[in-house]
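Here is the structure we will look at, set down as C-alpha cells.
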Amino acid sequence: MSSEKLLRLAGLAAIAAGILSIIGDVLSLGVDLEATDAAGDVSQRIVFGFYLLGTVLLLLGLTGLYASQSRAAGILGFAGFLLAFGGTALTVGAIWFEFFVVPDLAAQAPDVATGELGFTGFALSFLIAAVGWVLFAIATLRAGVYPRLAAGLLLAGALVSFVPLFVQVPATGLLLSVAIVVLGFFLWRRHGAPAQIGQRRTK
C-alpha cells in the first residue's frame, strides 16, 4: 500500500475518531460518568464505548497528521507527537478500565469501585496527553502545512483539555475533537481525495 493511501486512511481515522468522541461528549451531557453507583448502566457503557473507539482511532489519525508535516514541524513537532501519542495511548488504558473493569467492580465490590482507583495514573496520563497536544498544535501552527484556522482550533482544544485536571466539567474534549475532524478532512483531501486524483491524471 502506498504512503498516499496510508495517509488518506489516517485522515479517515482522524475524522472517525473526532466524530465518535463528539458523540461521546454530547451523550455525556446527559450521563453522570462519575456516579459509581450507576457504573455498568447501559448509558455509561455507551458513552465510554464511543470514547474507547474514538481514542484508539485517534492514535492512527495522529500518526498520519504528524507524518504529513514531520519535516516542517521540526523537533517541537516530534516532541509533541511523542507526548501526545504516549499520553493518548495511556488514556486508552484508562477508558478501557472504565468500560470493562469498573462495571464489574461496582457489581462485585462496590466499596472498592467508589474509591479513587488509580487517580494518580489517570491524572498523569491526561496531563501527558494535554501537554503533548499543546506542543503538537503549536508545531502545526508554525509548520503551516494545515490551515491556520484548523491549527488554531487544535491549540484551543488542547488548552481546554487541561480543565478536567482541576475541575470536572463535561464535554471538555469537544473542541479538540472538532479540530481533529477538520484536520483529518484536510489530510484526507490532500492525499488522494477523488477530486485531487482526477486533477493529477489530467496533468
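Remarks
- Within the stretch 147-203, the set of residues being aromatic (Phe, Trp, Tyr) and either in contact with a Pro (Cβ under 9 Å, 6 or more places away or on another chain) or at pLDDT 95 or above (or both) comprises PHE185, PHE186, TRP188.
- Going through (1) at pLDDT 95 or above; (2) closer than 24 Å to VAL134 by Cβ one by one, GLY49 falls short only on (2).
So that you can scan it fast, the table gives a plain yes or no per residue for (1) modelled with pLDDT under 95; (2) over 21 Å from ALA171 (Cα atoms); (3) open to solvent by 70 Å² or more (accessible area, probe 1.4 Å); (4) out of contact with any strand residue (DSSP E or B) (no Cβ under 7 Å at 6 or more places or on another chain):
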{"residue": "VAL42", "(1), (2), (3), (4)": "yes, no, yes, yes"}
{"residue": "ALA67", "(1), (2), (3), (4)": "no, yes, no, yes"}
{"residue": "PHE97", "(1), (2), (3), (4)": "yes, no, no, yes"}
{"residue": "LEU105", "(1), (2), (3), (4)": "yes, yes, no, yes"}
{"residue": "VAL131", "(1), (2), (3), (4)": "no, no, no, yes"}
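- LEU9 being of a type outside the set (Ser, Thr, Tyr) and within 14 Å of PHE136 (Cα to Cα): no
- The one condition from (1) surrounded by 15 or more Cβ atoms within 10 Å (Cβ to Cβ); (2) among the aliphatic types (A, V, I, L, M); (3) part of a helix (DSSP H, G or I) that VAL31 does not meet is (3).
- Residue check for ALA137: open to solvent by less than 30 Å² (accessible area, probe 1.4 Å), farther than 14 Å from PRO164 by Cβ, at pLDDT 95 or above and aliphatic (A, V, I, L, M): yes
- Residues that are open to solvent by less than 60 Å² (accessible area, probe 1.4 Å) and without any contact (Cβ under 8 Å) to a residue 40 or more places away in the chain were ranked within the stretch 1-23; the one that is nearest to GLY61 (Cα to Cα) is LEU20.
The values are calculated or read from the model by the stated rules, or taken from the named source; none is laboratory data. None of these values were measured; they are calculated from a predicted model. Please note: Cβ atoms are built from the backbone with ideal geometry, for glycine as well, and neighbour counts cover all protein chains shown. To get the accessible areas, we keep the full protein, side chains included, count just its heavy atoms, and leave off ligands, DNA and RNA. Shrake-Rupley method; radii C 1.70, N 1.55, O 1.52, S 1.80 Å.
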